[in-house]
Amino acid sequence: MNDEFNILNGSILVVDDQPVNVQLLEQLLAGAGYTQVSSTTNPLEVAALHAEHHYDLILLDLKMPGMDGFQVMEALKAGKQDKYLSVIVLTAEPGHKLRALEAGAKDFISKPFDLVEVKTRIHNMLEVRLLYKKLENYSKLLELAMQQSAAETAEARDR
């Protein structure tokens, strides 16, 4: 299926200060067929990495030294790279879920990971992101077509 192929080519950034969690998620994503997976254990790099690569999805740990996941989300919003920022937060603390959603996360994954849930939530979020990008492109094409039509009408009137 064409959309499935596009979803598996979605660019994903894994952000967790624990290398074992990064490795687990990278292996899980590779095993599920995702082809563009990057990672960092340094939350201070996330905004710059996203500005450069425009990730379709960021898997973001909330509890990290130096800069927690909430601060990372603020930095991402300040960068205004995307109108629709796809972030799934990773947390072991149930009390952080609502706060994360209010801060701009689109979904959350609880630690310890339920691997089937992780794969499903990632697939669903990338599907939404892909549809959003299609809608954005369609809107741009429609706007161009309307401008061209208006120009042609004005040109015909001036003849």
Quick one: is residue 37 under 22 Å from residue 110 (Cα atoms), of a type outside the set (Phe, Trp, Tyr) and in a helix (DSSP H, G or I)? no
Hey, which of the helices (runs of 4 or more DSSP H) in segment 44-147, taking only ones fully inside, have at least 1 residues that are touching a residue at least 40 places away in the same chain (Cβ under 8 Å), crowded, with 17+ Cβ neighbours inside 10 Å and in contact with a Leu (Cβ under 7 Å, 6 or more places away or on another chain)? 69-79
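Yes or no, residue by residue, for (1) closer than 21 Å to residue 21 by Cα; (2) out of contact with any strand residue (DSSP E or B) (no Cβ under 9 Å at 6 or more places or on another chain):
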{"site": "100", "(1), (2)": "yes, no"}
{"site": "109", "(1), (2)": "yes, no"}
{"site": "114", "(1), (2)": "yes, yes"}
{"site": "120", "(1), (2)": "yes, yes"}
{"site": "126", "(1), (2)": "yes, no"}
{"site": "140", "(1), (2)": "no, yes"}
{"site": "147", "(1), (2)": "no, yes"}
{"site": "152", "(1), (2)": "no, yes"}
{"site": "158", "(1), (2)": "no, yes"}
Given the condition in contact with a helix residue (DSSP H, G or I) (Cβ under 6 Å, 6 or more places away or on another chain) and either among the small types (Gly, Ala, Ser) or assigned to a helix (DSSP H, G or I) (or both), answer yes or no: does some residue in segment 12-26 qualify? no
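Throughout, read-outs are computed from the coordinates displayed, never taken from laboratory work. Source: prediction; values computed, not measured. Every residue, glycine among them, receives a Cβ derived from its backbone with ideal geometry; neighbour counts consider all protein chains shown.
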